[in-house]
Structures are given as structure tokens and as C-alpha cells.
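This report refers to the structure that appears directly beneath it.
The values are calculated or read from the model by the stated rules, or taken from the named source; none is laboratory data. This one's a predicted model, so the numbers in the text were calculated from it and none came from an experiment. Heads up, the Cβs are rebuilt from the backbone with ideal geometry, glycines too, and the neighbour counts pull from every protein chain shown. Ligands, DNA and RNA are excluded from the accessible area calculation, which covers all protein heavy atoms including side chains. Shrake-Rupley method; radii C 1.70, N 1.55, O 1.52, S 1.80 Å.
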Amino acid sequence: MLEGLPPHRPTHVLRLLTDEPSARAMTELLGEMFDPMETAVAAFEVEETGAWRLEAYFSEEPDAEMIRELIRPMLGAQADEAVFETIDQQDWVRASLEGLKPVRAGRFLVHGGHDRHQVRANDLAIEIEAALAFGTGHHGTTLGCLRALVDELKRRRPARVLDVGTGTGILGFAAAKALRTPVIAGDLDPEAVTTARGNARLNGLGPYMRLYHAPGVRHGLADRPRGFDVVFANILARPLKRLAPSLTAVVADDGVLILSGLIERDVPGVLSTYRHRGFHLARSGVIEGWATLVLRRGGAAARPR
């Protein structure tokens, strides 16, 4: 279980071994207390011992004593066993690569350079190495968006695609690979845009990707009213709500808006926000607790699954 997306550039980590109820409770608490754009909290079982490990990643140095006091009511003296460490950026990249296996969604195969031999003749292969920008395809949000794209391609062949918050570029690359048409993709993090540009060259997609650095759609490439048949926004609940007016404005009359970066409890609030903008749920899916929503303008709403 995880609260928040991994920060683009984590600098510090909190680690603590405890029992399952405490780990889950702390995940909820820290996920609520800290900005999800700057902090990610994960809890998972250690198979060898049955204990649970809590890990919280921060984009800047946290107040260790404040956090210990925050969790002390749940843990008592065990709160003092919480370990805070500095993360070396290159170690973070190497750790992100450990154990990553190719990820498949329909014909799309997302893989690292070490797994090129697993690409089949008919695959739409996307090679991505772990980087300081978020997105390797192994996270439930990215995989959910890829599956949504697979479903959309079964219905029709969209001509104009926008990827807001592109990270390493996977979703834009998938659309470009399948459609062989230019794709617009942007991110508010300049490092993410640099990473995506390098990945586009690696995948032979440089001529197809139009990349921009700006928040949301606040750029000439993206700010096109009713201009896109498919719009991806794989970010987080708060910015998705904040960006609802601008995101819905650029979706074509018969287009789809594919949203992710949502834990399941965020779904009702996000759906309500977009319903007020005239959009209704067409399909949804959940992978490892992360929801992906496919929205359309007007029409009857589907029930979240």
C-alpha cells in the first residue's frame, strides 16, 4: 500500500519495522499530514519475518523529532526506533531499477535496456530506464492509463493526444507508437521534460513528440480549446481537481479524459468535480489501490468499480 507518488527527487527516507495495524495507521496519518507532491509513504510485509516495514520518502529533510512525536501515540517507545537517512540521488536511481520486470498492456511493452531480449516482433516496445523523473510503467497509475489507451484504441483511432504531467514520457510514447502521429506532452518539472526528451530519442520518437515545460495546459502547444481526442493526466487528486476547468476545456466534443494518480478514496471527490464540468465516468479500473478514470463529455455515468 502506498500514499502519494514517489517524489521526483527524494532526498530523505524514514524506515521503521512494526506490526501491520500500526504500519497501515501510520501510512494513513503521514499521507494526510504531508503534501503528496513532496512525500510518499509505503507499508509492506517483510516475508522472512512477517513484520511490516514503513518507508516514507521526502523531497527535503523532514523534522525527525516532530514525526516521532506524531507517531508516538500509536507506537509508544517504538517511535524512537524510526530511522531517518539521506538518499544519494544515484543510489535512488539504481534502487529504482532493482527487480523491475517488463510491463505489458495489450501490445505495449515497457521495459528497461536489460530486457530488450523480451520484446516480441509485434510489440509496441517502449524502453525506459529509472530516472529522477517519475514513471517507469511499473506503478499502478501508469499501467492503468496504458490499459485505458488500449481500450480506447479498440474503439477508434484518435488523431490528437495530450499528456499532462508526462514524467518520463511513457503515455505519450505509447500513443505515438500506436498512432504514428505527433503527440503533445508537458510537465511542470523541467527535469522530467529533459528526461522525456532523452527517452523519446532512445525510442526513435523524437520527431513525434512535442514537449513543453509548464504547469497543466498553460502553454501554446496544449492550450487548444476542444483540441484533443485523448487527454492523459496522471498526477494526483488535488491538482486534478484544481486543473478541472483547463483540462476539460481542451478535450474534443467526442474525446476522452484519462485521469489517474488517485487512490480509491479520492475517486468520488474527483468525479464530483468533473461532473460539474459536464463530464461523466465511462470506465474505471483499480490496480494495487490506484484508480484510473476514463471520462467523457455528457452522457450517462457508469458506476465506479
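One residue is enough: does the stretch 162-179 have a residue meeting the conditions in contact with a Gly (Cβ under 7 Å, 6 or more places away or on another chain), more than 24 Å from VAL267 (Cβ to Cβ) and open to solvent by 10 Å² or more (accessible area, probe 1.4 Å)?
Narrowing the stretch 162-179 to residues in contact with a Gly (Cβ under 7 Å, 6 or more places away or on another chain): 163-164, 166-168, 170.
After this cut, where a residue has to be more than 24 Å from VAL267 (Cβ to Cβ) as well, the list is 168.
Those still in the list that are open to solvent by 10 Å² or more (accessible area, probe 1.4 Å) too: none.
Taking every residue of the stretch 162-179 in turn, none turns out to be in contact with a Gly (Cβ under 7 Å, 6 or more places away or on another chain), more than 24 Å from VAL267 (Cβ to Cβ) and open to solvent by 10 Å² or more (accessible area, probe 1.4 Å).
Give the residues of the stretch 268-287 that are aliphatic (A, V, I, L, M) and either touching a residue at least 60 places away in the same chain (Cβ under 8 Å) or under 16 Å from LEU247 (Cα atoms) (or both), sorted by residue number. Break it down stepwise before answering.
First pass over the stretch 268-287, keeping only residues aliphatic (A, V, I, L, M): 270-271, 281-282, 286-287.
Hits for the stretch 268-287 are VAL270, LEU271, LEU281, VAL286, ILE287.
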Please give the strands (runs of 3 or more DSSP E) falling wholly within the stretch 178-274 in which 1 or more residues are under 30 Å from GLY113 (Cβ atoms) and hydroxyl-bearing (Ser, Thr, Tyr). 209-213, 251-263
Restricting attention to the stretch 275-293, and to residues there that are part of a strand (DSSP E or B), touching a helix residue (DSSP H, G or I) at 6+ places or on another chain (Cβ under 7 Å) and open to solvent by 40 Å² or more (accessible area, probe 1.4 Å), which single residue is modelled with the highest pLDDT? ARG283
Only one of ALA130, ALA121, ALA148 is at pLDDT 80 or above and open to solvent by less than 20 Å² (accessible area, probe 1.4 Å), namely ALA148
Being over 15 Å from the mean Cα position of the chain (by Cα), in contact (Cβ under 8 Å) with a residue 40 or more places away in the chain and either crowded, with 19+ Cβ neighbours inside 10 Å or closer than 20 Å to PRO239 by Cα (or both): is that true of ARG296 here? yes
What pairs come up if the first residue lies in the stretch 75-87 and is of a type in the set (Ser, Thr, Tyr), the second is crowded, with 16+ Cβ neighbours inside 10 Å, and their beta carbons are under 7 Å apart, counting only those six or more places apart or on different chains? THR86/THR11; THR86/HIS12
I'd like to verify a number: residues in the stretch 13-41 that are crowded, with 18+ Cβ neighbours inside 10 Å and within 21 Å of GLY167 (Cα to Cα), how many? 4
Go through (1) modelled with pLDDT of 95 or more; (2) outside any strand (DSSP E or B) for ALA300 and report which single condition fails. (1)
Name the one entry in ALA192, ALA185 that is crowded, with 24+ Cβ neighbours inside 10 Å and touching a strand residue (DSSP E or B) at 6+ places or on another chain (Cβ under 6 Å). ALA185
With the checklist (1) within 26 Å of the chain's Cα centre (by Cα); (2) open to solvent by 40 Å² or more (accessible area, probe 1.4 Å) in hand, flag the one item PHE58 doesn't pass. (2)
Filter the stretch 167-188 down to the residues that are touching a Ser or Thr at 6+ places or on another chain (Cβ under 9 Å) and either over 21 Å from ARG147 (Cβ atoms) or among the polar types (S, T, N, Q) (or both) and list them by number. THR168, GLY186, ASP187
Tell me yes or no: at least one residue of the stretch 217-234 is crowded, with 24+ Cβ neighbours inside 10 Å, in contact with a strand residue (DSSP E or B) (Cβ under 7 Å, 6 or more places away or on another chain) and free of Cβ contacts under 8 Å to residues at least 40 places away in the same chain. no
